[in-house]
Structures are given as structure tokens and as C-alpha cells.
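**Q** What follows is a single structure, and I will ask about it in a moment.
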Amino acid sequence: MYGETLRNFKKIVEDKKKVVWKMNSIMQTLKGALSAQMNPHDARRQKEANQWLEKFQNDPSAFAVVDAILSSERDNHVLFFAAHTLHRKISNHFEQLKRQDPSMVLKLRVTLIAHVKRHKNSSRQVREKLCQAIAQLAIQDMSWKSVCADLTSKFGRDDMESLLRIFKLLPEECHNKKSTAHVENQRQRAKEFDNCAGDVLGLLTQCMNMARGNLSLVKGVLQCQRSWLQYSNIPTRVMASSPLLVMPFDALNSRELFEDALKTILETVKMYWDSSRHLDVVKIILPRVLQLEARYKSAVQSKNVDAARDFIRIFVETGEAYMNLLLGPDINIVLPGNVVMNQSKIVHLVFECSRHPERDLAELTFYFWYSLSEGLHSIRDRNLRERRVEDYMKYFDKLLEICLPLLRIPKDYATMNKMDKDEIDRSRNEVGKTLLDCCMVLGTQRCASALYRVFTQCCQSFVKMPAQNWIDLEASMFAFVKIQREILHGTNNGVNEPFVDQIMGSDTSKSFSGVFTSCISVHGMLSKSPKNKMVTPLRNTCLDIMGSYSSWLCGHPELLEHVFRNSVSALGIVETRHFAARVFQDVSHACGKHLAHSKKLFQNLLKVHLDAIRAPLPKRELLLITEALASIVRSVLFGENS
């Protein structure tokens, strides 16, 4: 009997030796393949290595091999491959492992936690992959009960950074659409994590208390908090009573923590956007946001553009999130020092950001003004709407003044490449949309009157010193291009025909009596020096006015000959011919009945078309002129105004 036992024992020892030998052999082959993979000078061996490693990762024995590597290896490259393989195996082959040996699931859970703790000082990439593997296992393994509590009990004070990283990933994996876990598993875990959100905040608070200047730990807290805010449902009462609500505002004082603190604040605002449901949180957040105004002004004074941009993001995000608060009944929140805060303070803060001298920073506020103008228009209670409009009207008045300088093109616009020009054009169009928002709140007549006063001043300066003042004139003209729709069709905003005639100018005897007649005069002046490409934008904007206001021109046919003369001269210049062709098209559609009965103008247009064919003009411009001629012919034949 003893002899048989001894023989069995020897066999077991020999089997274990074979397993160890085989394991060592595979590990050595794996290290050699990884080394060959990193060698760019031997493409054949590199390809063979890639194929072998890919095959290895799909082999069932990979679990044991990478477990052995993570238990003994120190080379970061080898460790990362092992951690990556483990994460991949759990993601893609977990069900296979569970079917083969259910007991391996519990063992895998234990060894994974051990590997995370063992490699807490390894490279960031290795630690991240191991934490991802645990988070993925938590979603795949539904036999793992009380995941959060179990993980918390397994990690001590020295392993808090690793635990925070795992906790950050848990809710993210529940909403990861690329995850291979069953959707039902993700839903169940998401509900479980929602229920333990309060415990997680408690853990994060403990970590903050024990941080004591450990910025890496504080950063982990901020990142974990942001993840749970984004992917979990933390009750309002829990968040409002937690010191973590204001902690990110304090972290803004640290250069190392600033970015994570900023993102956490923005996520908090997004999460608790409904002031009617989350007022307890809002009352705490808003005062802290308003206190950042001094930091913003300091950033502007020191010309710290990056810091100013970040503060603008906070202010704008807060304003947009709490739009229902800005549009609702009066509120009064008492700030420290018995300072009372109401809706106007938030709007004032965003307005200050709109005044930033950098165009792209000011542009960050534009969507807020659009949302505010739309919101004011949609308030059903007439008395409340009038009260809110009265409160915010002064900001929209000043916004007009801010927009005009933003419409100015750079002095070197003519020498810019196409990409830079396109960006300037895009930005100016965004400013133009904000002008329309101002029209919606203030009324088009009030906005147009203010813009016309500036336009008149620019005209006077241009006449005196054209070379120095043409950019300002072009900007004031461009503003009228962008609000053309409201001026001509916004009758509900108090615009009437006499007013339009006044600002457009129907008296041809006066060169600068209105926007339209001024454009004719200015373009005529510029036509005398067609080779001056510096003022091409002003030429094109003059033509744009003539085309945009062609429906108004229909009521003033005495100006048609002037428009045609300027358009013909512009066709001969490469940089302006497209705008000129568009003028022909717009005017022919709007004023077809006049052109059809004017033999002189019709003959002129026919001559333009024939010259365009002979020249020839590019196909795009030729098509526009052909459409213009066809529109007039249609009016002659059928008596229609195209």
C-alpha cells in the first residue's frame, strides 16, 4: 500500500515538474515574441511574433500563463502584455472559462485583486489594465455579490489609489456600449451601483480626509466622483450633504488638480441641472460659481487665455444648465456676507465673458444668448415674460456693441490661406446669429437703429480716411447682411416700411443717405482701383447688401441701373465675380417685373450673358447669370415675377 502511495506521489511530482517546465517554456517563447515584435528591422520575425501572440491570447492556457507572469515578472512591457491579455480574456472568453471550471471564477477574482495590489507601483498602463480587468469581471460575474463593499474590504489605506481607479471604472463599464457583457448584466450592476452611491461618496470623503497633500490621491477622488456623477444617480439630498460638492471648487486653487476639478464641476452642473428638483444642490453650487468671477477677471488682466477659457466654460455651462431658473419667477439666494443673488447676476457673469477680447473665447457664450432669447420668447405668462425681458434687455443692448468689433476682419485677411479665411467667415456667421438673437429680444427696429448709428459713423470716417477705416465700415455693413431677414420680414418685431426706407436710403441724390445707397457709392469708389485686393471683402459685402435686399429694391426701381452698373464692373474682377453673379440672380428673381419692362436693363443683362459666354466666365457664375436671364424671360412670357 505504501509503495503504491509513493509511486502516486512521484507521479504527481513529475506531472508538476512537467507543468512547470511547460509553463517556463511558454513564458520564454512569449518574451521572445514580444522582443521580436518590438524589432522593426526584421519584418518577417515581427509578423511571425504577432501571429503567435494573437494565437496565444485566444488559447485557454493563457489565463494560467499571464497569472504566472504577473506573479513573478518585473519587465513593464511583458507585464503590460499580460495585463492586457487578462483583460481581453475576461472580456471575450469569460463564459468559456465559467463553463470549463466554475471554481476558477472565484480564484480569478482573488488573484486579480492580488495582482492589482502587487503592481501598485508598476507603470500607469499596467495598473490601468488590471483595474479594467477587475471592472470587467464585476460586470461579467453576476455571482459576485456586493461588489463595492467587497472591494472596499479588500483594499487597505496603502492601496486607496488603485481602489479609486477601480471604482471610477465600475459605472463606466455599466454604460460601455462596446462592452462584451450582456446588456442585462450591465443594467443590474447599474442599479446596484446606484444603491451604493452614498457609500461610495463616503469612501471618497474618507480618502480626502487622509490625503494630506497627496495630490495623486485627490486627483483619483475627483476622477472617481466625476465618473459616478456622469454614469450613476446620486440622490440630491446625499450630494447636498456631502463635502465633496464644494471640494472641486477648492481644488481649482491647485495647478495640478485644476483640470480634473474643472471637469468635475461641469459634470456636477450637468447632473443637477433641474433647479426645481435639485434646489438644495443648486443653492450650494451657484454661490461658489459666482465667487469665481474674481479669478476670471484676474486671468483676463494677466492675459492667461487658457485659464479664462476654463472659467468661461464653467459660467456658460452653469447659465445654460439653469436656464429654467433664469426664466422663472424671482429668486433670491443669500450669499456669504449677506449678499443677495438673483437671476441677473448669472446673466451678468456670462455677459462679462462675452466681452473677452479674444474672438474664440467670446464665441463660447453665443449659444447661451441663443438659449436665453428662445427661452424668453417661449414664456407663456405675459407678465413674467415682460419682467424677464426688462431684466435682461440691457445685456442684449450691450451685446450689440460687443458683436460689431467681432465682425471686423483681420488686416491681413487678403494674405490669409483658405483655411484661416474659412474660420474667420465661420466665426462672423456665428456673430451674425447672435445679432438675430438680439433682434428677437429687443425688436428688430431697435437693433437696426443702433446698428445704423454705428454704420453712419463708419461712413463718415471712411469718407475722410478710406484706407484706415474700410474694415470698420465693412463690419457695420456685414451686420445688415446678417439681420436682413428680420428687417425685411420681421413685421412682428415692429419694423415698418418707412423705417426700412429710412435706413436703406432711397434718395439717389445723396451718396451716403442709407445702407443700400451707401453700398452703391462705396462700390463705385472702389471700382476706380480694381487691383487693390486689400479691400475685396468690402467690395463683396457691398454686393452682398445689393443682393440680400433685392426684395426692398423691387419697391425702388430707380436704383436698378446703379446696381447693374456696379455688378457689371464687379464681374470683371476674379475675387468679386461670384458675388456679382449672385446679385444678378437675386435682383432678377425679385425685380423681374421691372426688368421685363425695361428694354435698356434687359439688353444690358443680355449683353452681360453674351460676354460671360465669350469671356468665358467659370461655370458656376455663368449658371447664375443664365438663371437671372431665364427669370426675366419667364416674366415677359408669362407675366410672372420670379
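**Q** Out of the residues in segment 400-413 that are open to solvent by less than 50 Å² (accessible area, probe 1.4 Å), of a type outside the set (Val, Ile, Thr) and part of a helix (DSSP H, G or I), which is farthest from His356 (Cα to Cα)?
**A** Let us first name the residues in segment 400-413 that are open to solvent by less than 50 Å² (accessible area, probe 1.4 Å), namely 400, 402-404, 406-407, 409-410, 413.
Still in the running and of a type outside the set (Val, Ile, Thr): 400, 403-404, 406-407, 410, 413.
When the remaining residues are screened for being part of a helix (DSSP H, G or I), the result is 400, 403-404, 406, 413.
Details: Leu400: 14, Cys403: 11, Leu404: 13, Leu406: 10, Tyr413: 22 Å.
It comes out as Tyr413.
**Q** Given the criteria open to solvent by less than 40 Å² (accessible area, probe 1.4 Å), modelled with pLDDT of 80 or more and out of contact with any His (no Cβ under 9 Å at 6 or more places or on another chain), does Ala33 qualify?
**A** Details: open to solvent by less than 40 Å² (accessible area, probe 1.4 Å): yes; modelled with pLDDT of 80 or more: yes; out of contact with any His (no Cβ under 9 Å at 6 or more places or on another chain): yes.
When the stated conditions are applied, Ala33 passes them.
**Q** Hey, among Asp158, Asp199, which residue is in a helix (DSSP H, G or I), out of contact with any Asp or Glu (no Cβ under 7 Å at 6 or more places or on another chain), open to solvent by 40 Å² or more (accessible area, probe 1.4 Å) and closer than 20 Å to Glu128 by Cβ?
**A** Of the residues listed, the single one that is in a helix (DSSP H, G or I), out of contact with any Asp or Glu (no Cβ under 7 Å at 6 or more places or on another chain), open to solvent by 40 Å² or more (accessible area, probe 1.4 Å) and closer than 20 Å to Glu128 by Cβ is Asp158.
**Q** Here is a follow-up. Please find, among Asp391, Asp397, Asp360, Asp381, the residue that is surrounded by fewer than 21 Cβ atoms within 10 Å (Cβ to Cβ) and free of Cβ contacts under 8 Å to residues at least 24 places away in the same chain. Spell out the reasoning first.
**A** Values: Asp391 fails: free of Cβ contacts under 8 Å to residues at least 24 places away in the same chain; Asp397 fails: free of Cβ contacts under 8 Å to residues at least 24 places away in the same chain; Asp360 fails: free of Cβ contacts under 8 Å to residues at least 24 places away in the same chain.
Among Asp391, Asp397, Asp360, Asp381, only Asp381 is surrounded by fewer than 21 Cβ atoms within 10 Å (Cβ to Cβ) and free of Cβ contacts under 8 Å to residues at least 24 places away in the same chain.
**Q** Going by the structure shown, is Val147 surrounded by 21 or more Cβ atoms within 10 Å (Cβ to Cβ) and among the aliphatic types (A, V, I, L, M)? Write out each step before concluding.
**A** Numbers: surrounded by 21 or more Cβ atoms within 10 Å (Cβ to Cβ): yes; among the aliphatic types (A, V, I, L, M): yes.
Here the answer is yes, as Val147 does meet what is asked.
**Q** Identify, by number, the condition in (1) without any contact (Cβ under 8 Å) to a residue 60 or more places away in the chain; (2) under 22 Å from Leu538 (Cβ atoms); (3) open to solvent by less than 60 Å² (accessible area, probe 1.4 Å) that Met477 doesn't meet.
**A** (1)
**Q** Out of all the residues in segment 543-555, which are in contact (Cβ under 8 Å) with a residue 40 or more places away in the chain and either part of a helix (DSSP H, G or I) or surrounded by 20 or more Cβ atoms within 10 Å (Cβ to Cβ) (or both)?
**A** Of everything in segment 543-555, those that are in contact (Cβ under 8 Å) with a residue 40 or more places away in the chain and either part of a helix (DSSP H, G or I) or surrounded by 20 or more Cβ atoms within 10 Å (Cβ to Cβ) (or both) turn out to be Leu543, Asp544, Ile545, Met546, Gly547, Ser548, Tyr549, Ser550, Ser551, Trp552.
**Q** A further question on this structure: Go through segment 165-182 and give me each residue that's surrounded by fewer than 21 Cβ atoms within 10 Å (Cβ to Cβ) and of a type in the set (Val, Ile, Thr).
**A** Of everything in segment 165-182, just one residue is surrounded by fewer than 21 Cβ atoms within 10 Å (Cβ to Cβ) and of a type in the set (Val, Ile, Thr), namely Thr180.
**Q** Shifting gears a bit: Quick one: which of Asn604, Asn566 is in a helix (DSSP H, G or I) and either closer than 15 Å to Val633 by Cβ or small (Gly, Ala, Ser) (or both)? Write out each step before concluding.
**A** Working: Asn566 fails: either closer than 15 Å to Val633 by Cβ or small (Gly, Ala, Ser) (or both).
Only one candidate passes the filter, namely Asn604.
**Q** In segment 283-316, which residue that is acidic (Asp, Glu) and open to solvent by less than 50 Å² (accessible area, probe 1.4 Å) is farthest from the chain's Cα centre (by Cα)? Even if it seems obvious, please write down each step before you answer.
**A** Our first condition is that a residue be acidic (Asp, Glu); within segment 283-316, this holds for 293, 306, 310.
Within this subset, residues satisfying the condition of being open to solvent by less than 50 Å² (accessible area, probe 1.4 Å) are 293, 310.
Values: Glu293: 22, Asp310: 13 Å.
Only one residue fits best here, namely Glu293.
**Q** Quick check: anything in segment 589-596 open to solvent by 60 Å² or more (accessible area, probe 1.4 Å), of a type outside the set (S, T, N, Q) and part of a helix (DSSP H, G or I)? Walk me through how you get there before you give the answer.
**A** First, the residues of segment 589-596 that are open to solvent by 60 Å² or more (accessible area, probe 1.4 Å): 589, 593.
Of the ones still in play, those that are also of a type outside the set (S, T, N, Q) are 589, 593.
Narrowing the set further to residues that are part of a helix (DSSP H, G or I) leaves 589, 593.
Looking for residues that are open to solvent by 60 Å² or more (accessible area, probe 1.4 Å), of a type outside the set (S, T, N, Q) and part of a helix (DSSP H, G or I), one finds at least one in segment 589-596, hence yes.
**Q** Which residue pairs have Cβ atoms closer than 6 Å, lie 6 or more positions apart in sequence or on different chains, and pair a first residue in segment 272-285 that is touching a residue at least 12 places away in the same chain (Cβ under 8 Å) with a second residue that is β-branched (Val, Ile, Thr) and not in a loop (DSSP other than H, G, I, E, B)?
**A** Tyr272/Val281; Ser275/Val282; His278/Thr236; Asp280/Thr236; Val281/Thr236; Lys283/Ile333
**Q** On to the next question. State which residue pairs qualify: first residue over 19 Å from Ala475 (Cβ atoms) and assigned to a loop (DSSP other than H, G, I, E, B) and inside segment 519-535, second residue open to solvent by 40 Å² or more (accessible area, probe 1.4 Å) and modelled with pLDDT of 85 or more in any location, beta carbons under 8 Å apart, and separation of 6 or more residues or different chains.
**A** Hits for this filter: Ser527/Ser569; Pro530/Ser569.
The values are calculated or read from the model by the stated rules, or taken from the named source; none is laboratory data. None of these values were measured; they are calculated from a predicted model. Ideal geometry is used to build each Cβ from the backbone, glycine not excepted, and the neighbour counts take in all protein chains shown. Note: accessible area is taken over every heavy atom of the protein model, side chains too, but ligands, DNA and RNA are not part of it. Shrake-Rupley method; radii C 1.70, N 1.55, O 1.52, S 1.80 Å.
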